[in-house]
Amino acid sequence: MQLYTTIEIEQIKQSQDLPYLLEIMHWVKSFLGKPHRDLGRPGPVCPFVPHSLKSNSIRLAVIRTKDLYSDQLEEIVGRYRNLFLEMEVKEQELAINKAFLLIFPDIDEEAYQIIDSVQEKLKPLFVESGLMIGEFHKLNQSPGLHNPNFRPLRSPIPVLAIRFMVEGDLPFLLSPADPHLRIRYLEAYLKCFIHKFTDETKFKNAHQGLALAREELTAIFR
């Protein structure tokens, strides 16, 4: 389970994984960490990336998936989740800037649904641990929050990103159509931020969303 910071990647002399590490590092710096005309708001695509790069808080790993079944891949990603939670945050990096980027160069365009499936399967476990897991690949159709025609989750190589949950993640936790899933997400969200909310509106919206999901669930069983 080799993880590299961006500074360590720049110091690698030779490795079969180096081309993939360099390509994703370039994508992080030139796309995620920069403004985009179609984003729909000012600032970089991911507002945390510039600070994460400055504090050297992003760690990257290349995962070889040839001959692996989906459940084996889920197990590997689950181990990175455990490592993420166990790894102490260094003084120069805030927890909010810490991220793992897991790179899957063996997954081609015809098999991107594997990445989507693993993310969907593991997301409840991650959210209940106070984490978010996001899927990135060339065909990702997830729209931007501020421009539905923008595709912020597209990357040159399939990637799963792990980071701590933040208050601004609420729209992603309100989105599932399944009320069971929404309840799980919103209960975890409120538990995570109940004593440290900085945005009263998000606090109210989370409670309202949870109440609505419970009402929907009750209506299903009437």
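In straight-distance terms, cross-link reach from LYS13 covers every one of the aspartates and glutamates whose alpha-carbon lies under 18 Å from its own, apart from those fewer than eight places away in the same chain; here that gives GLU23. For the chain, modelled as a GNM whose springs connect Cα atoms under 10 angstrom apart, the maximal fluctuation among ARG41, ARG59, ARG184 occurs at ARG41. Approximating the spin labels as points 7 Å out from Cα along Cα→Cβ, the LYS29-to-VAL166 distance works out to 2.1 nm.
Taking other C-beta atoms within 10 Å as the exposure proxy, PHE164, PHE197 rank PHE197, PHE164 from fewest upward. Taking amide H as placed 1.01 Å from N in the peptide plane, SER155 has its amide H under 5 Å from the amide H of HIS137, LYS138, ASN140, each at least 5 places away in sequence or on another chain. Candidate cross-link partners of LYS204 among the lysines, defined by an alpha-carbon separation under 16 Å and a same-chain spacing of 8 or more, comprise LYS191, LYS196.
For the chain, the longest principal axis of the Cα atoms and the long axis of helix 113-127 meet at an angle of about 60 degrees. Taking θ as phi - 60° and the Karplus parameters 6.51, -1.76 and 1.60, the scalar couplings of the stretch 150-166 work out to 8, 10, x, 9, 9, 9, x, 10, x, 9, 10, 10, 10, 7, 6, 5, 10 Hz in sequence order, x denoting glycine and proline.
Close amide-amide hydrogen proximity is noted between VAL62 and ILE103, each under 5 Å apart and 5 or more residues distant or on a separate chain (H modeled in the peptide plane; Pro and chain starts excluded). Between the helical axis of 18-27 and the longest alpha-carbon principal axis of the chain there is an angle of about 50 degrees.
Residues within the reach of a label modelled at ASP116 (point 7 angstrom out along Cα to beta-carbon, backbone nitrogen below 20 Å), restricted to the stretch 12-32: there are none. Extending 7 Å from the Cα toward the beta-carbon at both SER175 and GLU88 defines two label points whose distance is 3.6 nm. On the basis of the beta-carbon distance and an R0 of 30 Å, ASP67 and ARG37 show a calculated FRET efficiency of 0.10.
Once the Cα atoms are used to define both axes, helix 70-86 deviates from the longest principal axis of the chain by about 90 degrees.
Every helix of 4 or more DSSP H residues in the chain counts as -39500 (n - 2.57), and over all residues that averages to -13000 deg cm²/dmol at 222 nm. Going from the residue with the fewest nearby Cβ atoms within 10 Å to the one with the most, GLU135, GLU75, GLU23 rank GLU75, GLU23, GLU135.
Site pair LYS54 and ASP199 shows an inter-label distance of 2.1 nm when each label is modelled 7 Å from Cα along Cα→Cβ.
Grouping the Cα pair distances of the stretch 144-185 into 5 Å bins from zero gives a pair-distance distribution of 5, 16, 19, 24, 25, 10, 2 percent in increasing distance order. Pairs exceeding 24 Å between alpha-carbon atoms, taken from LYS66/LYS98; LYS66/LYS138; LYS29/LYS90; LYS29/LYS202: LYS66/LYS98; LYS29/LYS202. Phi angles across the stretch 131-139 convert, under the Karplus curve 6.51 cos²θ - 1.76 cosθ + 1.60 with θ = phi - 60°, into 3J(HN,Hα) values of 10, 10, 10, x, 9, 10, 6, 5, 9 Hz, Gly and Pro given as x. In plain terms, the residue of LEU145, LEU101 with the fewest other Cβ atoms within 10 Å comes first and the most crowded comes last, giving LEU145, LEU101.
Quick note: the coordinates plus some simple rules give every number you see, no bench work behind them. These figures come from a predicted structure and were not determined experimentally. Don't worry about glycine lacking a Cβ; one is built from the backbone with ideal geometry, like all the others, and counts go over all protein chains shown.
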